[in-house]
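Trainee: Quick one: structure below, then a few questions.
The values are calculated or read from the model by the stated rules, or taken from the named source; none is laboratory data. Not measured: the values here are computed from a predicted model. Don't worry about glycine lacking a Cβ; one is built from the backbone with ideal geometry, like all the others, and counts go over all protein chains shown.
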Amino acid sequence: MFLEKNKYESHSGWIEVVCGSMFSGKTEELIRRLKRAQIAKLKVEIFKPSIDVRYDETAVVSHDANSIPSTPVDNSRNIMILAQDVDVVGIDEAQFFDEGLPDVCTYLAKRGIRVIVAGLDMDYLGKPFGPMPALMSIAEYVTKVHAICMKCGALAQYSHRIVHNDKRVLLGEKDSYQPLCRRCFEEEMDRLSDLT
């Protein structure tokens, strides 16, 4: 019976989510896990939203310039179609995908695929972002990573937008966002509300 259980578990998939603010190392951790899977001779496919061309048109690239080849896709259903005969699927910037992404990840996991997803858990207003809350609720493993607050040096979990733009999705880097801790983020939100 023990051997049968282990045999079954070796063929079951699961979902891992790496979440946090900007500059917290989410993509770095995603790339690390995917490269380890490749070292283990597993077949890996990596996807990212086609709108994310900040560093590269096709590769997933961390802020530290580590990269791994990927396939840009317009919607989550394309992942399901393209992830054939693989052991591991990596998905970066999951917050930019449609609300169907959790169903796609569940479908892949049921097929025995390890699914590793990285994304922002909150938008610039501190609100849950895109399909990330649903992904976190169905994942077997959730890792929350933190940046360092640019105001006080504490652990940061918020991505504070420092440019004036009300669009929810605004691709940017250090010129557009800074990581803040809860106290500093709330102070900034209070300051901004006083200005309006």
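Trainee: What is the one condition in (1) modelled with pLDDT of 95 or more; (2) more than 28 Å from Q178 (Cα to Cα) that I91 does not satisfy?
Mentor: All conditions pass for I91, except number (2).
Trainee: A follow-up question, please. Identify all residues within segment 27-52 that are assigned to a loop (DSSP other than H, G, I, E, B), in contact with a strand residue (DSSP E or B) (Cβ under 8 Å, 6 or more places away or on another chain) and modelled with pLDDT under 95; write none if there are none.
Mentor: Of everything in segment 27-52, those that are assigned to a loop (DSSP other than H, G, I, E, B), in contact with a strand residue (DSSP E or B) (Cβ under 8 Å, 6 or more places away or on another chain) and modelled with pLDDT under 95 turn out to be S50, D52.
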